[in-house]
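Contents: one structure, followed by commentary.
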Amino acid sequence: MIWSRLCKSRTRHFLFFGLLLFAISVLKYIFQPCDKNDIQNDADNPRRRYCKTQLFTAMQLSSRSEINCSNIIKGDQQAVNQALLHQLKNKRLPSNEMDYMKFIKDCNLYKKIRRFIPIPLSKEEENFPIAYSMVIHEQIEMFERLLRAIYNPQNIYCVHVDEKSPENFKEAVRAIISCFENVFLASKLEKVVYTSWFRLKADLNCMEDLLKSKVPWKYLLNTCGTDFPIKTNAEIVRALKVLNGKNSLESEKPPKQKHFRWLFSYKTGRTVRRTNIRKIPPPIRTPMFTGSAYFVVTREFVTYVLENPDVQKLIEWIKDTLIPEEQLWATLNRMPGVPGSSPYHAKYELSDMNAIARLMKWAWNDGNMDKGGAYPPCTGIFRRSICINGAGDLHWMLQQHHLFANKFDPTVDDYAIQCLEEYLRHKALYEKEP
Ligand SMILES: *[C@@H]1O[C@H](CO)[C@@H](O)[C@H](O)[C@H]1NC(C)=O
């Protein structure tokens, strides 16, 4: 009798505590902070739905309401004209160095307010880290917006700031990157004199630093301060996988008028001057090629560039040529034996339009495509013969296969950048392919 009473009360106790524990764990499960595991798989349950809404709402980016980006991107002429009109009426001053120094007192708050992506958005992206070499010298807001557009916590970013840049610019850059574990300043900063060897050296410095990092990145992309991505990180990852170990960069047979770049020795002072000293031919068995400073190259390529003795000789030789970065990468990309390179055969045409590294509109190819133009007319303005893209350029641009486009300038067309930001973020969050 006594035993059975005791048992009953014990059972009741057990039941009570059991229920309590169960309730606590259910509450804990519901209210635990959402993390990447809650969005990286497609299971459909109330908690996942709750977490997706929570995390994605905090990551949304939208442009200012007086323009209609989705119509602009569709190529709607009326929406483009409206943006142009607004641009003229309400010039917005970009944020300056002081603004950032004040803003970045609290990194967590800063990253939240500026909506940096805090977690890898998919397993596929997490397993395919990308390295970036960013060579910049001015326009702090543009740097921050570019960084935000390409930032993902699994990637790694080396930032090279021109040694000649004003101290407050360098300080603001340092402040921004101090908020991220995977963004760092190049260990050696060069004075990047236009057309000189030091532009190339800046990327080489970053390459060296990036190879030392623990991040197992698979491809390296480089950018300058006026670039902007036209693909999401997930799309970039997929494009790199399709390359399947190949590099992708412009590397064309040089037109006659470019040979002078390496016929004479050039001297770098405050500008680059040609001397009368003739250079010996390049120390390679294959021909020279020309292309752009911007590339998409494999980790194996970068290791080879820094370690192979023949490449070291070529770099040594190319130092006193003009705009060497437009020759070095293009030439290496055509040399047999160089990782990821393509044979220098006419079957492998690698123009800027065929490579995926960079999309730009050159003044001399621009215009009416019915009359032989390579692309529709630039709707921004031309600077150094390259189009600074306007909102009207986005529609065509986003149909191209390139990963990045050049140039963007918020003082020329801020809406072009705003609409790209909004488009890319929306695509990254909501238009994921399985
Ligand atoms: C843009 O225009 C489309 C249709 O013209 C409309 O459905 C959409 O709500 C507009 N978006 C904004 C942000 O005004």
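None of the figures in this text is laboratory data; all of them are computed from the coordinates on show. Owing to the predicted nature of the structure, the values given are computational and were not obtained by experimental measurement. A quick note on method: Cβ atoms are made from the backbone with ideal geometry, for glycine too, and the neighbour counts reach across all protein chains shown.
Give me the net charge of A293's neighbourhood, meaning all other residues with Cβ under 11 Å from the Cβ of A293; Lys, Arg count +1, Asp, Glu -1. Numbers along the way, then the final one.
Numbers: positive: R199, R358; negative: D203, D227, E250, E325, E326.
Around A293, the surrounding residues sum to -3.
FRET efficiency for R174 and Q400, Cβ-Cβ distance as r, R0 = 35 Å, nearest 0.05?
Working from the Cβ atoms, E equals 0.50.
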Length gained if S70 through K253 is fully extended, taking 0.36 nm per residue and subtracting the Cα-Cα distance, is 61.9 nm
Is region 69-188 best put as rounded, prolate or oblate by its Cα gyration tensor, with a ≥ b ≥ c the root eigenvalues, rounded for a/c under 1.5, and otherwise prolate when a/b is larger than b/c, oblate when not?
-> oblate
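Multiply the residue separation of F17 and D106 by 0.36 nm, subtract the distance between their alpha-carbon atoms, and state the gained length in nm to one decimal.
On the way: separation 89, 0.36 × 89 = 32.04 nm, distance 4.30 nm.
Net length gain for the segment: 27.7 nm.
Using a/c under 1.5 as the rounded threshold, could you call the chain rounded, prolate or oblate? The axes a ≥ b ≥ c are square roots of the C-alpha gyration tensor eigenvalues, and prolate needs a/b larger than b/c, oblate otherwise.
On the way: a/c = 2.18, a/b = 1.74, b/c = 1.25.
Prolate.
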If the cut-off is 20 Å between C-alpha atoms, which lysines fall inside it for K214, apart from same-chain ones fewer than 8 positions away?
-> K123, K188
Simple spin-label estimate for K28 and E431 in nanometres, 7 Å along Cα-Cβ | 4.2 nm
Which of these, I388, I284, I140, has the largest mean-square fluctuation under a Gaussian network model of the chain (Cα springs below 10 Å)?
-> I284
Rank H395, H345, H259 by mean-square fluctuation in a GNM of the chain with C-alpha springs under 10 angstrom and give only the top-ranked residue.
-> H345
Proxy reagent accessibility, fewest Cβ within 10 Å first, across K313, K52, K102, K231 = K102, K313, K52, K231
Taking the simple approach of a point 7 Å from Cα along Cα-to-Cβ for both Y348 and T411, what is their distance in nm?
-> 4.2 nm
Within the set of other residues whose C-beta is less than 11 Å from the C-beta of K231, count the net charge using Lys and Arg as +1 and Asp and Glu as -1.
-> +1
Connecting every pair of Cα atoms under 10 Å apart in the chain and solving the GNM, the largest mean-square fluctuation among W396, W329, W217 falls on W396
Measuring from the lowest to the highest alpha carbon on each principal axis, how far does region 1-116 reach, largest first, in angstroms?
-> 92, 37, 21
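How much FRET efficiency would the formula 1/(1 + (r/R0)^6) give for Q78 and A374, where r is the Cβ-Cβ distance and R0 is 25 Å, rounded to 0.05? Intermediate results must be reported in sequence, preceding the final value.
Working: r = 27 Å, r/R0 = 1.06.
After rounding to 0.05, the efficiency reads 0.40.
Please tell me which of these pairs span more than 29 angstrom C-alpha to C-alpha: K371/K407; K218/K347; K241/K371? Don't jump to the answer; show the numbers that get you there.
Working: K371/K407 25 Å; K218/K347 27 Å; K241/K371 36 Å.
Going by Cα-Cα distance, K241/K371 fall outside the 29 Å limit.
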Distance in nm between E126 and I280 label points, each 7 Å along Cα→Cβ, equals 5.4 nm
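About the Cα centre of region 251-332, how large is the charge dipole given +1 on each Lys and Arg Cβ and -1 on each Asp and Glu Cβ? Please answer in debye to the nearest 20. Can you show the working numbers first?
Numbers: 14 positive and 8 negative charges, 116 e Å.
Dipole about the Cα centre, nearest 20: 560 debye.
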